[in-house]
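The values are calculated or read from the model by the stated rules, or taken from the named source; none is laboratory data. Worth saying up front: this structure is predicted, and the values here are computed from it rather than measured. All Cβ positions, glycine included, derive from the backbone under ideal geometry; neighbour counts span all protein chains shown.
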């Protein structure tokens, strides 16, 4: 078994010439003969540019997994589909196309509602070959490759309020981002847990991966952790909890933030790595 992860979209770029960065995430996963694109970054040239610079042939992708319906994770899907010009399965939660917003501070103590939804309609994406595979439950999409489905919120300190909103039944309400799911890859060396933005909470996600698989050793946990939006107290609680798990490598990206990265680096030492654009990891 071989598992190789290449970062195609992320907030910062590596040192290779011509790589572009954006506030987003996209991981290219090679697992034996299968090729999976996990998230697509924003509706920008970044995904296609970086794939070309890194020698990644996106026409070889067997399936796309969209972690959740925010534009910095799903916005690049249209560009990917236009490049491929063929039918391809796209695994999503049934709520992925809900209208999503973020409340941002505006002038004169006012709030601005910023649209963070998927940038394109379902029918538009389907016209370019997206075959949406919807489910809220866990499922195996390839041998030893599982989607968590909707992640239970069981950790008290990870249920803090956020500025995220969703329009549901005509009403604008707090968004718990119920549509977010993660990828679990079983390997002889342990679990590889891949995170989109981790809105359900890093510890909630880890706990659910253990519950679904019965395994407690993680060869790697990689992706966005949403820790940059945590308060000091909440960040400390997360780090204390994280220290209880058996993790060989924690690779942070996207929404982790410099402060959380510094604290995780201090705690995990050589087991920590920042995954920016161009990072390649062979994990099994």
Practice prompt. Scan the range 164-186 and report the pairs whose first residue is on the phi > 0 side of the Ramachandran plot and in contact (Cβ under 8 Å) with a residue 12 or more places away in the chain and whose second residue is assigned to a loop (DSSP other than H, G, I, E, B) and surrounded by 19 or more Cβ atoms within 10 Å (Cβ to Cβ), with Cβ atoms within less than 6 Å and a gap of 6+ or a chain change.
Written response: 177/68; 177/199
Worksheet item: Does residue 33 meet the test of being without any contact (Cβ under 8 Å) to a residue 60 or more places away in the chain and buried (at least 20 other Cβ atoms within 10 Å of the Cβ)?
Response: no
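Looking at the range 89-113, which of the residues that are exposed (fewer than 13 other Cβ atoms within 10 Å of the Cβ) and part of a strand (DSSP E or B) is nearest to the chain's Cα centre (by Cα)?
Among those residues, the one meeting the criterion is 104.
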Worksheet item: What are the residues in the range 155-177 that are assigned to a loop (DSSP other than H, G, I, E, B) and surrounded by 14 or more Cβ atoms within 10 Å (Cβ to Cβ), if any?
Response: 155, 162, 163, 175, 176, 177
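Okay, residues lined up against (1) in a helix (DSSP H, G or I); (2) touching a strand residue (DSSP E or B) at 6+ places or on another chain (Cβ under 7 Å):
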{"site": "244", "(1), (2)": "no, no"}
{"site": "256", "(1), (2)": "no, yes"}
{"site": "259", "(1), (2)": "yes, no"}
{"site": "264", "(1), (2)": "yes, yes"}
{"site": "267", "(1), (2)": "yes, no"}
{"site": "270", "(1), (2)": "yes, no"}
{"site": "284", "(1), (2)": "no, yes"}
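Filter the range 215-229 for residues that are farther than 15 Å from residue 273 by Cβ and outside any loop (DSSP other than H, G, I, E, B); which is modelled with the highest pLDDT?
Of everything passing the filter in the range 215-229, 217 is modelled with the highest pLDDT.
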Worksheet entry | Top-ranked residue of the range 13-31 - restricted to ones that are modelled with pLDDT of 95 or more and in a loop (DSSP other than H, G, I, E, B), ranked as farthest from the chain's Cα centre (by Cα) | 19
